[in-house]
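First comes the structure, then the notes that go with it.
The values are calculated or read from the model by the stated rules, or taken from the named source; none is laboratory data. No experiment lies behind these values; they were computed from the predicted model shown. Virtual Cβ from ideal backbone geometry, glycine too; neighbours counted across all protein chains shown. All accessible areas refer to the heavy atoms of the entire protein, side chains included, with ligands and DNA or RNA removed. Shrake-Rupley method; radii C 1.70, N 1.55, O 1.52, S 1.80 Å.
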Amino acid sequence: MKILIAGSTGKTGLRLTQQLKEAGHQPIAMHRASSDISKLPEGVATREADLTQLTDDVCDGADVVVFAAGSGGDTSAQMTDKVDRDGAKRLIDIAAKNDIDHFVMLSSVGAENPDPESDLAHYLQAKHEADEHLKASGLSYTIVRPVTLTDEEGSRDIRLGDEVDPKGEAARGDVAAILARAATDDTLEGKIFLMESLG
């Protein structure tokens, strides 16, 4: 399958791009003009695009879209809104118009019911609004909500669903593996779940 990855040069996106390529799929690595694409797997198709000003052709040729982007923990509230909320919503709308088969959203623990007292309240609210937009879009979707991310590769020993410890950790390599599965496994269609690494 041809899978467009928003956030392909990020810590999770790079792993996802590599895993999809190794599995025989054709990732399309979406990146900003200023992004370092040198670490992307050799031979992977790239597509220059900015989540703050997407064009209507950004999904051309893709079967599936994965939103694995993020404005980052140190950005302003305004940039969080531009990328994590508005950019995601715009990409969803373009995907819907282009009859994309499936849309996978990398969300976050706490996005289902953002705590206004949390240090991440603004970010979680942005993710919540993007998730709700996807659910209402008419697209086939999967929403993955990992707990606290680490930069580890992980062991693929993963827990999903209601038994997840909200205070646990999720290795980025494991998160990428779940995103890859969600992009290609029909049994995860329409599912929204928490995720943590056990190994």
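Within the stretch 67-87, does at least one residue satisfy the condition of being closer than 20 Å to TYR123 by Cβ, in contact with a Phe, Trp or Tyr (Cβ under 7 Å, 6 or more places away or on another chain) and in a helix (DSSP H, G or I)?
yes
Just need a number here: residues in the stretch 154-199 that are at negative phi, open to solvent by 30 Å² or more (accessible area, probe 1.4 Å) and part of a loop (DSSP other than H, G, I, E, B).
Here the count works out to 12.
Restricting attention to the stretch 134-148, which residues are assigned to a strand (DSSP E or B) and either without any contact (Cβ under 8 Å) to a residue 12 or more places away in the chain or closer than 27 Å to ASP101 by Cβ (or both)? Can you show your working first?
Of all residues in the stretch 134-148, those assigned to a strand (DSSP E or B) come to 141-146, 148.
Once the filter is applied, which keeps residues that are assigned to a strand (DSSP E or B) and either without any contact (Cβ under 8 Å) to a residue 12 or more places away in the chain or closer than 27 Å to ASP101 by Cβ (or both), the stretch 134-148 yields TYR141, THR142, ILE143, VAL144, ARG145, PRO146.
Among (1) open to solvent by less than 60 Å² (accessible area, probe 1.4 Å); (2) at negative phi, where does GLY110 come up short?
(2)
Given the conditions (1) touching a His at 6+ places or on another chain (Cβ under 9 Å); (2) at pLDDT 95 or above; (3) open to solvent by less than 30 Å² (accessible area, probe 1.4 Å), report the number of the one that ASP93 does not fulfil.
With respect to (1) touching a His at 6+ places or on another chain (Cβ under 9 Å); (2) at pLDDT 95 or above; (3) open to solvent by less than 30 Å² (accessible area, probe 1.4 Å), ASP93 is out only on (3).
Among the residues of the stretch 44-54, what is the count of those that are open to solvent by less than 80 Å² (accessible area, probe 1.4 Å) and either in a loop (DSSP other than H, G, I, E, B) or within 19 Å of LEU106 (Cβ to Cβ) (or both)? Can you show your working first?
Within the stretch 44-54, the first condition is being open to solvent by less than 80 Å² (accessible area, probe 1.4 Å), and the residues that meet it are 44-47, 49-52, 54.
If we keep only those that are either in a loop (DSSP other than H, G, I, E, B) or within 19 Å of LEU106 (Cβ to Cβ) (or both) too, we end up with 44, 47, 49-52, 54.
So the answer is 7.
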